[in-house]
Amino acid sequence: MSYIPNTPEDQQAMLATLGLSSLEELLSPVPENVRLRRALDLPPALAEPDLKRLLGTMAVRNKNLDTTISFLGAGTYDHAVPSVVPHLQHRSEFVTSYTPYQPEVSQGMLQAIYEFQTMVCQITGLDIANASLYDGATALIEAVLLAIGPGGRGEVVISMGVDPQYRRVLHTYAHARGFNVKEVPTRDGVTSVEDLDAAVSATTAAVVIQQPNFFGCIEDMRAIEPIAHKGKAVFVTTITEPASLGMLASPGDYGADIAVGELMSFGNTMSYGGPALGFMAARNKYMRLLPGRLVGQTVEEGGDKRTGYVLTLQTREQHIRRERATSNICTNQSLLAVGATIYMAAIGKQGFRELGELCLQKAHYAFRQITAIPGYSAKFGSLFFDEFVITAPVSSHKLQRHLDQAGIIGGYALHGSYPDMENDILFCVTETRAKEDIDTLVSVLKEVQA
Amino acid sequence: MAKLQHPANLKYSKTDEWVRVDGDQATIGITDYAQDQLGDIVYIELPWDGSQSVSEDGKFGDIESVKATSELISPLSGEIVKVNENLKDTPELINDSPYETGWMFVMKISDPAELDRLMSADEYKAYLEGR
Amino acid sequence: MRSVESLIFEKGAPGRRAATMTAMDVPTEALESMVPASMLRKEPAPLPEVSEIEIVRHYTHLSQRNFGVDTGFYPLGSCTMKYNPKLNEDMAVLPGFAHIHPLQPDSTVQGAIQLIYELEQYLAEISGMARVTLQPSAGAHGELTGLMLIKAYHEHNGQGHRNLVLIPDNAHGTNPASATLADYRSVEVKSDAQTGGIDMEHLKALLDANAANIAAIMMTNPNTLGLFDSKIAEIATLVHEVGGQLYYDGANANAVLGITRPGDMGFDVVHFNLHKTCSTPHGGGGPGAGPIGVKEHLVPFLPGPMPARNEQGYSWEDVGPLSIGKMRANKGNFGVLVRAYTYIRTYGPDGLLHVSQSAILNANYLKHALESDYEIAYPQTCQHEFVATAERQKEEHDVTALDIAKRLLDFGMYAPTVYFPLIVHEAMMIEPTETETRETLDYFVSVMRQIAEEARTNPEIVKTAPHTTPVGRLDQALAARKPNLRWTMGQEGTH
């Protein structure tokens, strides 16, 4: 099967205009010493119906969350997508366009992104936001690089309550770029304020706290903020569960300078973790330092002065700054940003609050039920949003196996990232978990005793 | 190039700044050629909080147009006396009037010998031809 | 037709809503018992209050104010705007691919790991590399990953002092930006004025002067001028001789499928842009995917985990102690990978070769047809793209590449990339791709001829274009001087 519309006859006629008779003649600039003189060793072409069968079989070998109950969160959250979102997001004029270099014919995308930027500010309580970054982890990196500034040297203080994958990515970039990372431990599931105070100095470039943190616990941001700001550090908050912003105080409210995180769960498919939707929101003073694309509102040059939208402040970016750029991002996550925008418009002011309440209440119901089972206890005494850590009477490995046999995808086993947490599991309950799902989980857990 | 103006009474640097000498003080800005190259200027970073020393060939700010950014290099050493506050809100004055209302800062010259290293208007025009 | 569409924030009314939430079916507790008031939002976030029909009309109108490949010809050089197959879209949204969690136990996502495992093999074969990581999210992300691998490799071999990356003067801006992020210094290599390829004398001089400090050279072949650098094997030898590594920017890979492979050219690292070469849609600015292929000596440094297969099935394996770590959370842009996988299985080996051959034919066909009206930067046979210029039009009529780009919009086509590469004045980089019909190409040529004629006889119509688009030229200076990056209650309404 092929999407090349020209037939061999068409191609012969085109070759004739060039005075050539074969496609091979066009390849003369490629020297023989690098020519591939055999066919690529790939499976032969398949027709559409055969491809559907092949891929359908592959897809069915995966347990999907449409038909399997899951209590996995740990950085990726299951939030229901209203049907209106994909119907609009997948309109091909959005899907098949690219960067709006010619804004006159890209007003649709540009305006949608301006709306996205606005909504990100509305939910975070900050002043400005960019058009998206690859994911929450790389958004955190961008915030750290912004805080450190050109030259790339400096120190970042980060809580161990931040997602372990995000911290792994931070260490990777730190090693390559040449900046330092200092990790601060948690106590009872939240950042240890005393240890944080000891770690932050007058020269710290950035302080990073996740809210709610990886364990689902709610950090005391009002106590943390003055510590983060005692020197010249930029206070960065990381948000992986955006539903929390429907209930909890916003970054703008508790004094963060920059908020980054993951918005993929708003209106987009989970798709095994990617493509994702990193976001960055910040105070006005960082405007000219913000990485990524920025859409601005303007008017026509000509007489009518209609409202229009353009990519702006482009001199921040790689195509102009080149080696002096502080970020290299070009292609980002625009289509997912459109999905998140339509989602936030669809659930609206009321729905956003309801979403937060549903997640909070359902998670706390699950928590009460599970901790009432003999042998199961809460790991932490700290407040939480829609995730919590349970210490099971058996190893998490054994428990996961049992849940799997019962057809349930359980919570996230923590010992992989926190080796001393052998029996600890992070359970997430969003609005997609019905009461009966939770009750089923509880009855299965009751079957597993030490 | 013929339409660009480079007044005879000023001195010029290789990084496209002009200098108007007035006793032991100098006013600094960027040339007509520079503003033309940059295009529509949208933003400028200058030492707004005043008294700061600058050195010959040292950076004193950043300038940004729609399509480019550039560092601003001081042609002389000395102390900054006054900065053109109007450029904060209307940087386009630099495009409209690079030598008058688009002036950037006034300084006290610390080493008059540096003036000899600058170009005259004719030398600057010749320099531009060669670029 | 000129028009405006007001913002979603300017629509709706208090109390309106679209989607409804599921019912609260669990016994609830008082809010204060779970979270103290000081930690709660005081005011709800001021998201819009609109009904579903308002949302549908709003975003439908926005889509109608947007131009995509599905709308018309999109010859954006170096972006490879080829047709995005709908089959690929359908495969990506199969529930078994779309609704799986990245942290699900391996045993519950065997089909997903299998797809990634097989895609890795296909990309390794296409590029002539040993292994490929599908982790990076876009080309620039892949570039940074590749440079980090090179850096780790040099450090491991006691060559950590190497701090220079050679980059041709016609390179894409992400190249030097990525080098800076990897804490490297970029050194520009000049292009040969005649061949458009690397200036070998300049390259040799740079290698001689800096031998001990060269970490790598970053190149693409064909380059951004659309020209294949026939000296590539010699370049590879020279760079390797001083101990440097070769990085291949895969942005132009649409010209080489089945014809030549970066691995065979001598490259050590290559990135792909799946949203270019493998037809995954550009999404108005993403998502993309930028997998990185490496030769054997760089495999131990790859970011992890990597897919593996044994008798039990598929799993994720740690790379090992030399791994650079992780470039992002989770495994990669899986949704994009599904599309790329489907694309490669659609064409097979003969099909992919034909893709590149056809892309090259279409570009040369256009180049030849435009020669009489426009200066062509380099007259020799091009690959999948070429650079025309508006030099003649600028000299004679003061009509620029920008003006021509805007005028093309009036004819229902998108403009080529303009003002890139930087080394060509009034550049228009044209890449038709293989998925355009001959008639479309002929139409493009006839319009370009008409615009050249207009430049001669009626330049004003070109200089004030576009005329038929939803808005005319926009005030970029105002947008940068008085940035308005978000709607605020009380700001001037859309007009």
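This table checks each residue for (1) facing another protein chain (nearest Cβ under 10 Å); (2) part of a loop (DSSP other than H, G, I, E, B); (3) in contact with a Pro (Cβ under 8 Å, 6 or more places away or on another chain).
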{"position": "A:Phe367", "(1), (2), (3)": "yes, no, no"}
{"position": "A:Phe380", "(1), (2), (3)": "no, yes, no"}
{"position": "A:Ile390", "(1), (2), (3)": "no, no, no"}
{"position": "A:His402", "(1), (2), (3)": "no, no, no"}
{"position": "A:Glu422", "(1), (2), (3)": "no, yes, no"}
{"position": "A:Glu431", "(1), (2), (3)": "yes, yes, no"}
{"position": "A:Leu441", "(1), (2), (3)": "no, no, no"}
{"position": "A:Leu445", "(1), (2), (3)": "no, no, no"}
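Would you pick out the residues in the range C:331-356 that are polar (S, T, N, Q), surrounded by 23 or more Cβ atoms within 10 Å (Cβ to Cβ) and either without any contact (Cβ under 8 Å) to a residue 60 or more places away in the chain or facing chain A (nearest Cβ under 7 Å) (or both)? Matches in the range C:331-356: C:Asn333, C:Thr342.
When each of A:Leu23, A:Leu55, A:Leu42, A:Leu27 is tested for being of a type in the set (A, V, I, L, M), under 17 Å from C:Asn364 (Cβ atoms) and in contact with a helix residue (DSSP H, G or I) (Cβ under 6 Å, 6 or more places away or on another chain), the lone residue that passes is A:Leu23. Listed by first and then second residue, the pairs with beta-carbon distance under 9 Å, at least 6 apart or on different chains, first residue in the range C:308-319 and among the basic types (Lys, Arg), second part of a strand (DSSP E or B), are C:Arg309/C:Ser315.
Taking the conditions (1) over 22 Å from the mean Cα position of the chain (by Cα); (2) at the interface with another protein chain (Cβ under 9 Å from one of its Cβ atoms); (3) part of a helix (DSSP H, G or I) in turn, C:Ile126 satisfies each one other than (1). Out of A:Arg153, A:Arg168, one residue alone is facing chain C (nearest Cβ under 7 Å), charged (D, E, K, R) and farther than 26 Å from C:Cys79 by Cα. It is A:Arg168.
B:Gly58 passes every criterion in (1) touching a Ser or Thr at 6+ places or on another chain (Cβ under 9 Å); (2) surrounded by 15 or more Cβ atoms within 10 Å (Cβ to Cβ) apart from (2). Here are some residues: C:Met1, C:Met24, C:Met34. Which one is more than 21 Å from A:Thr118 (Cβ to Cβ), surrounded by 16 or more Cβ atoms within 10 Å (Cβ to Cβ) and either more than 7 Å from chain A (Cβ to nearest Cβ) or out of contact with any Lys or Arg (no Cβ under 6 Å at 6 or more places or on another chain) (or both)? Testing whether each residue is more than 21 Å from A:Thr118 (Cβ to Cβ), surrounded by 16 or more Cβ atoms within 10 Å (Cβ to Cβ) and either more than 7 Å from chain A (Cβ to nearest Cβ) or out of contact with any Lys or Arg (no Cβ under 6 Å at 6 or more places or on another chain) (or both) leaves just C:Met34.
Look at the range C:65-77: where a residue is of a type in the set (Phe, Trp, Tyr) and at pLDDT 95 or above and a partner is surrounded by 24 or more Cβ atoms within 10 Å (Cβ to Cβ) and not in a loop (DSSP other than H, G, I, E, B), sitting 6+ places away or on another chain with Cβ atoms under 6 Å, you get C:Phe67/A:Val105.
Looking at A:Val84, A:Val60, can you tell me which residue is free of Cβ contacts under 8 Å to residues at least 24 places away in the same chain, within 7 Å of another protein chain (Cβ to nearest Cβ) and touching a helix residue (DSSP H, G or I) at 6+ places or on another chain (Cβ under 6 Å)? It is A:Val60. In the range C:404-447, the qualifying residues are those that are touching a residue at least 60 places away in the same chain (Cβ under 8 Å), more than 12 Å from chain A (Cβ to nearest Cβ) and assigned to a helix (DSSP H, G or I), and the one that is nearest to the chain's Cα centre (by Cα) is C:Phe444. When restricted to residues that are not acidic (Asp, Glu) and not in a loop (DSSP other than H, G, I, E, B), the range A:123-151 contains 17. Put simply, of A:Thr118, A:Thr99 the only residue that is modelled with pLDDT under 95 and either in contact with a Gly (Cβ under 6 Å, 6 or more places away or on another chain) or surrounded by 21 or more Cβ atoms within 10 Å (Cβ to Cβ) (or both) is A:Thr99.
Taken over the range C:65-104, residues that are under 16 Å from C:Gly412 (Cβ atoms), more than 7 Å from chain A (Cβ to nearest Cβ) and in contact with a helix residue (DSSP H, G or I) (Cβ under 9 Å, 6 or more places away or on another chain) amount to 3. Looking across the range A:59-87, the residues that are out of contact with any Phe, Trp or Tyr (no Cβ under 8 Å at 6 or more places or on another chain) and assigned to a helix (DSSP H, G or I) come down to A:Val60, A:Val84, A:Pro86, A:His87.
Summed over the range A:206-242, the residues that are in contact with a strand residue (DSSP E or B) (Cβ under 7 Å, 6 or more places away or on another chain), among the hydrophobic types (A, V, I, L, M, F, W, C), assigned to a loop (DSSP other than H, G, I, E, B) and more than 10 Å from chain C (Cβ to nearest Cβ) give a count of 2.
For A:Gly154, the criteria (1) crowded, with 24+ Cβ neighbours inside 10 Å; (2) at positive phi hold in every case but one, which is (1).
Look at (1) modelled with pLDDT of 95 or more; (2) buried (at least 24 other Cβ atoms within 10 Å of the Cβ); (3) over 17 Å from the mean Cα position of the chain (by Cα); (4) under 30 Å from B:Ser70 (Cβ atoms) and you find that A:Ala346 fails only one, number (4). For the residues A:Thr331, A:Thr312, A:Thr341, the requirement of being among the hydroxyl-bearing types (Ser, Thr, Tyr), within 7 Å of chain C (Cβ to nearest Cβ), touching a Gly at 6+ places or on another chain (Cβ under 9 Å) and farther than 22 Å from C:Pro136 by Cα singles out A:Thr312.
The values are calculated or read from the model by the stated rules, or taken from the named source; none is laboratory data. Note that the coordinates shown come from a computational prediction; the quantities given were computed from them, not determined experimentally. Please note: Cβ atoms are built from the backbone with ideal geometry, for glycine as well, and neighbour counts cover all protein chains shown.
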